[in-house]
Amino acid sequence: MPSVLIIGAGGVGQVVAHKCAQAPEVFERICLASRTLEKCDRIASQLPRPIQTAQVDADNVPELVDLIRSVKADLVLHVALPYQDLHIMDACLETGVHYLDTANYEPLDEARFCYQWQWDYHERFKDRGIMALLGSGFDPGVTNVFCAWAKKMHFDEIRELDIIDCNAGDHGQPFATNFNPEINIREVTAQGRYYENEQWVKTDPLSISKEFDFPEGIGPKKIYLMYHEELESLTRHMPDIQRARFWMTFSDNYLKHLEVLGNVGMTRIDPVEYEGRQIVPLQFLKALLPDPGSLGPLTHGRTCIGCLIKGIKDGKEKEYYIYNICNHEEAYAEVGSQAISYTTGVPAMIGAMMILTKQWHGTGVFNMEEFDPAPFMEKLNQYGLPWTEITR
Ligand code: NDP
């Protein structure tokens, strides 16, 4: 009786719980645990079949170990926050249970996006005979699988990769983030970085932009160069890549708010003294901003996330674009969350499915591009994230 323990009952946890419940042949038993039990119970009450719920502090390893043992989990599907990655990996090592997440570890006091902390667990996971699958969301996640698919089906050599993430949706709020505000703002305000000729080139935050014409009527939008974690694993596992960049769309309104908040110090992650106590401005800002989960019923429009790849096939130059379009309102109608949570939660469920059905297997710590992309690509079509290819 395969058993999955989902940790985190936010926007993404909501989608993962719904999607796992839709596949009882794989996820026979489900437990949803998070810091706030009521959030787990609220999600559980929406599902078509009963699941267990629990309260857990995922920064407390002994508490996690007890929970994993009590629910007899085969896999921990972690969709809480990146700060918990290493604690949950420690608990998986102690209990001998597989691990999956959607975002790389970040220390709380430093916005440093780096896989090395988690890659350092490889030998320990290997010795324990268990597997960790890192970054099984959309980006990272599906974008890594798209690259593996491109390499398998379309290219002898991939030379240039541009990952392009567009949210063409609108929630009608003056300023809100589509996923956890603290994580989102840390990511967006970080220094940009891209890979070229075996070197990392640093750029000021959001200082490089251009226009990209998105397909299926979304049309031209301004995209901004950012650093994103999948660049680190893809350039390591696909060494023929000569240039890799990540781009994201932002509205002028979002950028104006962010600039003002940054100028007045509200995006700082170091503690400041306020009325005799220490507060972190970004954490205080998070408390003021709309909960991304509340944006579901308000958001309309579509997302378009994909990979534009240039390389060589049979001695000739080739350009290839693969993307998914996801509709916010359709996502909300199906699982009660907008498309950002949906595009993250569906691949998290599929990654867990790959492990529990042993279509992806191994011992150690892995990124998504290290496995055969074919079964994952098939499940994307089946579970609500169909993809389209354009070859030039
Ligand atoms: P939310 O903030 O909506 O949800 C996070 C959940 O984790 C909340 O339920 C929160 O509990 C819970 N949590 C936080 N700390 C703890 C803790 N110490 N112990 C137990 N539970 C805890 O975030 P999202 O759902 O939007 O995002 C979830 C993850 O998905 C993030 O890591 C994010 O970076 C990642 N992500 C990945 C993407 C990808 O494409 N790869 C895209 C978008 C997101 P409480 O409700 O009590 O605060």
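The values are calculated or read from the model by the stated rules, or taken from the named source; none is laboratory data. Bear in mind that the values here come from a model prediction, so they are computed numbers and not experimental data. Don't worry about glycine lacking a Cβ; one is built from the backbone with ideal geometry, like all the others, and counts go over all protein chains shown.
Conditions tested, residue by residue: (1) under 21 Å from Thr189 (Cβ atoms); (2) touching a Ser or Thr at 6+ places or on another chain (Cβ under 6 Å); (3) among the basic types (Lys, Arg); (4) touching a residue at least 40 places away in the same chain (Cβ under 8 Å).
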position	(1), (2), (3), (4)
Gly96	no, no, no, no
Tyr99	no, no, no, no
Thr102	yes, yes, no, yes
Tyr105	yes, no, no, no
Ala111	yes, no, no, yes
Gln118	no, no, no, yes
His122	no, no, no, yes
Pro140	yes, no, no, yes
Hey, Lys151 more than 20 Å from Glu370 (Cβ to Cβ), away from the ligand (no atom under 15 Å from the Cβ) and among the basic types (Lys, Arg) or not: no
Some residue of the stretch 99-115 being of a type in the set (Asp, Glu), more than 14 Å from the ligand (Cβ to nearest atom) and at pLDDT 95 or above: no
Selection within the stretch 99-129 - under 14 Å from the mean Cα position of the chain (by Cα) and of a type in the set (Gly, Ala, Ser): Ala103
Residue, nearest to the ligand (Cβ to nearest atom), within the stretch 10-25, restricted to residues that are of a type in the set (Gly, Ala, Ser) and assigned to a loop (DSSP other than H, G, I, E, B): Gly10
Residue check for Ala132: under 23 Å from Gln283 (Cβ atoms), within 16 Å of the ligand (Cβ to nearest atom) and under 21 Å from the mean Cα position of the chain (by Cα): no
Residue within the stretch 78-91 that is assigned to a helix (DSSP H, G or I), surrounded by fewer than 19 Cβ atoms within 10 Å (Cβ to Cβ) and assigned by TED's automatic domain parsing to the domain that holds Ile269 present: no
Identity of the residue in the stretch 123-144, among the small types (Gly, Ala, Ser) and not in a loop (DSSP other than H, G, I, E, B), that ends up nearest to Pro82 (Cα to Cα): Gly137
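Conditions tested, residue by residue: (1) under 23 Å from the mean Cα position of the chain (by Cα); (2) of a type in the set (Lys, Arg); (3) outside the structural domain of Tyr105 (by TED's automatic domain parsing).
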site: Val15; (1), (2), (3): yes, no, no
site: Lys19; (1), (2), (3): yes, yes, no
site: Ala23; (1), (2), (3): yes, no, no
site: Ala33; (1), (2), (3): yes, no, no
site: Leu64; (1), (2), (3): yes, no, no
site: Arg69; (1), (2), (3): no, yes, no
Matching residues in the stretch 30-58 - criterion: being part of a strand (DSSP E or B) and either near the ligand (Cβ under 8 Å from one of its atoms) or at pLDDT below 95 (or both): Ala33, Ser34
Selected residue (only one of Lys152, Lys126 is within 24 Å of Lys379 (Cα to Cα), surrounded by fewer than 19 Cβ atoms within 10 Å (Cβ to Cβ) and among the charged types (D, E, K, R)): Lys152
Filtered residues of the stretch 173-193 (kept if in a loop (DSSP other than H, G, I, E, B), farther than 13 Å from Lys256 by Cα and away from the ligand (no atom under 12 Å from the Cβ)): Gln173, Ala190, Gln191
Test: Ile218 is within 16 Å of the ligand (Cβ to nearest atom) and out of contact with any helix residue (DSSP H, G or I) (no Cβ under 6 Å at 6 or more places or on another chain): no
Matching strands (runs of 3 or more DSSP E) fully within the stretch 260-366 where at least 3 residues are not hydrophobic (A, V, I, L, M, F, W, C): 302-313, 316-327
Condition met for Thr95 (over 19 Å from Gly137 (Cβ atoms), of a type in the set (Val, Ile, Thr), more than 10 Å from the ligand (Cβ to nearest atom) and modelled with pLDDT of 95 or more): yes
Residue within the stretch 67-74 that is free of Cβ contacts under 8 Å to residues at least 60 places away in the same chain, of a type outside the set (A, V, I, L, M, F, W, C) and crowded, with 24+ Cβ neighbours inside 10 Å present: no
